[in-house]
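Working notes, beginning with the structure itself.
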Amino acid sequence: MERVSDYLEQEDTVVWADLSVPDRDDLQQVADELGLDPLAVEDAVEHHERPKIDRYPTHVFVTTYATSFLEDGALRLSRVSAFVLPQALVTVHGDDFDIKPVVRAWDDNAELLDYGAHALLYGLLDVVVDGHLSCLQQLDDRVEEAEDRLFDEQPRSGTDIQRQTYQLRRHMTGMRKVVLPMRDVADALLRHGELHSGEQVEMIERLRDLRDHIIRANEWNDSLRDVVATMFETGLSLANARLNQIVRKLSGWAAIIAVPTAVTGFYGQNLPYPGYGQAWGFWVSSVVTVVLAVGIWAVFRRKGWL
């Protein structure tokens, strides 16, 4: 790192330094070499920082989060910070962030490297935002799958549906925390004075396109949240409807069972009744029981209660 400042003294030279899981001593060494602000260095190692962009006299500090899904379906947020100097970019990230796609993006847009460190920062943010859109597409697929299961003829238990809905809402809340502030980051970059020179027109257009992608990600996430909220309410309504149907069927069968209970109870009194002690009395009571039960069953069946 001692030679970084030497390279920066050369004209038409852009330096990129990547620090993966650095300790405070490594980061402080870079800060001393490049003159980074202590507050920015502190933010680079602090946890729970929201995506943001801060301007300092000699550099710009940017914090963002890359998103991806683990094999178990959990949402992973990978923090990436960057120090942007006129001729240098210093990236700081953990081992859960893969820097290779960023390098490929720079190679695929090599013509932008003439714009210096801003082109490197754009490539980094473009990869991060593309990751946001990819995760939102996966969430969209999960929402559609959940909607299909919601209307299955043999639905899963209400607890399973509520658990799945809660997980989707939790993922979208996590996405919103990292996607929403990205719009402020893009707006701040577009307001950068150096980018409004005649030579930076293409860079401005790229950043505007990046801002459009960020807006799309925010709108997509909000739309999915609304769908999940509606799906949750629909699930409760369907559960209530199924419960009412079950109660109605049970009430119908209870009414049918009540008829033979009443008939047999009447004929079971300790008093003489028509046919008492005679075989035909047994058959009359049996026929009356069957006819009334079948009649009530037919009426309920015709009304769709059974």
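All of the numbers you see were taken from the coordinates with simple rules; none came from a lab. Please read these numbers as outputs of a predicted model, since none were measured by experiment. Ideal geometry is used to build each Cβ from the backbone, glycine not excepted, and the neighbour counts take in all protein chains shown.
Using the Cβ-Cβ distance between D32 and A188 with R0 = 30 Å, the FRET efficiency computed as 1/(1 + (r/R0)^6) comes to roughly 0.65. Each of A74, A110, L89 was scored by the projection of its Cα onto the charge dipole of the range 9-124, and the greatest displacement toward the positive side belongs to A74; charges sit on the C-beta of Lys, Arg, Asp and Glu.
How about K100: which lysines have a C-alpha closer than 27 Å to its C-alpha, ignoring those fewer than 8 places off in the same chain? Answer for K100, where 27 Å is the Cα cut-off: K52, K177, listed by chain and number. Extending 7 Å from the Cα toward the beta-carbon at both L39 and T13 defines two label points whose distance is 3.1 nm. The Cα center of the range 164-178 and the Cα center of the range 50-76 differ in position by 17 Å. Backbone geometry of the range 125-140 corresponds, through the Karplus equation with coefficients 6.51, -1.76 and 1.60 at θ = phi - 60°, to 3J(HN,Hα) couplings of 5, 5, 5, 5, 5, 4, x, 4, 5, 5, 5, 5, 5, 5, 5, 4 Hz, x marking Gly and Pro. Residues of the range 38-65 with the amide nitrogen closer than 15 Å to a label point 7 Å from the Cα of I215, along Cα-to-Cβ, please. The answer is none, because no backbone nitrogen lies closer than 15 Å to the label point. Rounded to the nearest whole angstrom, the semi-axes of the ellipsoid equivalent to the range 4-241, taken from the Cα gyration tensor as √(5λ), stand at 40, 19, 14, largest first.
By other beta-carbon atoms within 10 Å, ranking F232, F61, F69 with the fewest at the front produces F69, F232, F61.
In a solvent-free Debye calculation with one equal scatterer on each Cα, what is log10 I(q)/I(0) for the range 1-137 at q = 0.14, 0.15, 0.20 Å⁻¹, listed in the order of the q values? Relative scattering, expressed as log10 I(q)/I(0), comes to -0.64, -0.73, -1.27. Panel order for H59, H132, by other beta carbons found within 10 Å of each beta carbon, from fewest to most: H59, H132. Taken along the Cα-to-beta-carbon direction at a fixed 7 Å, the label points for R208 and R169 span 4.0 nm.
With each label modelled as a point 7 angstrom along the Cα→C-beta vector, the S251-Q162 pair spans 2.4 nm. Legend: calculated FRET efficiency, Q138 to T230, from the Cβ-Cβ distance at R0 = 25 Å, rounded to 0.05, equals 0.80.
With neighbour counts taken as other beta-carbon atoms within 10 Å, the residues T230, T64 rank, fewest first, as T230, T64.
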